[in-house]
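Below is one structure; the comments refer to it alone.
What follows draws every value from the coordinates through simple rules; no lab data is involved. For clarity, every value in this text was computed on a predicted model and none was experimentally measured. Glycine also receives a Cβ, built like all others from the backbone with ideal geometry; neighbour counts cover every protein chain displayed.
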Ligand code: ADP
């Protein structure tokens, strides 16, 4: 399957060494449809339907939020289908999708843009958020809570009636294209102890709560994605369910749908089920010898 979703890994844009100071005397330039390179945007178009099995009413709910251009937050544990869902919806709505995987080094400039230097002097390079706002794309900020606080504040004006983005260094105010939508993902369980989004940020979004899919749905996903027979997928899903019960009893997070798909993929490629489960489900999730034993025993209950 072709996924045309390009990913702006945060920090990949070279660092600016020469950022001209803003001319204090100049007026702010306001642009409603500033130019962007269609060739650049076309790489963010999703041409083939990304496989996505709906879990409940989320397709209609996303469509309604998009129709009203409401900023959307996808809440849920890692690996439960949030990214695939956005890819599917961008394809359904015929919008380019610009994805940014945020991390603790992600700054506002990584999203908005910066001046770069070449042989001809300095030039401005739009960041992924600015590009999406200009081009009318869906911008998906994955794990935005990881980014630095200035990043989160920078997106605020895009989430309310202003729908604008201030490029302070360039002295420009970009008014988002009418088709632009902002989507963020957020893992509440994981972040609670470490970082959290401020209520003033959360309240700017409508939210869809994601969980691991119901067993029959997850079985079909594992069958499709891992290309394994139904019986194998059922066992993997049952193992996943038991592992999820250990969350909070020594496991920080339960086994994700992604992990089950990985186990199925290895089995589909000829790895014995016990070894595949060890590689994909047991070893990546814990380093504690007792927990590893317990998890291997869970697997032994289903595969020999
Ligand atoms: P997240 O963004 O929540 O971390 P992903 O969207 O990357 O998780 O999901 C991980 C994998 O799980 C996907 O690549 C896909 O194979 C599978 N998956 C999870 N939920 C679904 C679903 N509802 N339909 C199809 N595939 C799914």
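Numbers below:
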read-out	value
Evaluated at q = 0.09, 0.17, 0.18 Å⁻¹: base-10 log I(q)/I(0), Debye formula over Cα of region 153-304	-0.45, -0.93, -0.99
Ordering of 285-291, 180-186, 149-155 by packing [mean C-beta count within 10 Å, highest first]	180-186, 149-155, 285-291
Cα-Cα pairs of region 95-215 separated by more than 17 Å (percent)	58
Separation between Cα centres of region 231-249 and region 30-89, rounded to whole Å	29
Mean ellipticity per residue at 222 nm, deg cm²/dmol - from DSSP H runs of n ≥ 4 across the chain, formula -39500 (n - 2.57)	-10000 deg cm²/dmol
Cα gyration tensor, region 204-260 - rounded (a/c under 1.5), prolate or oblate	oblate
Neighbour-count order for 91, 124, fewest beta carbons within 10 angstrom listed first	124, 91
Surface/4 estimate of mean projected area, convex hull on alpha-carbon atoms of region 78-126, nm²	5.3
Ratio of the Cα radius of gyration of region 215-300 to 2.2 N^0.38 Å, where N counts its residues	0.99
Gyration tensor over alpha-carbon atoms, the chain, equivalent ellipsoid semi-axes in Å	40, 20, 18
Global form of region 108-151, assessed from the alpha-carbon gyration tensor, a/c cut-off 1.5	oblate
DSSP bridge pairs, the chain: antiparallel proportion in percent, nearest 5	30
Sequence ranges 226-235, 198-207, ranked by mean other-Cβ count within 10 angstrom, highest first	226-235, 198-207
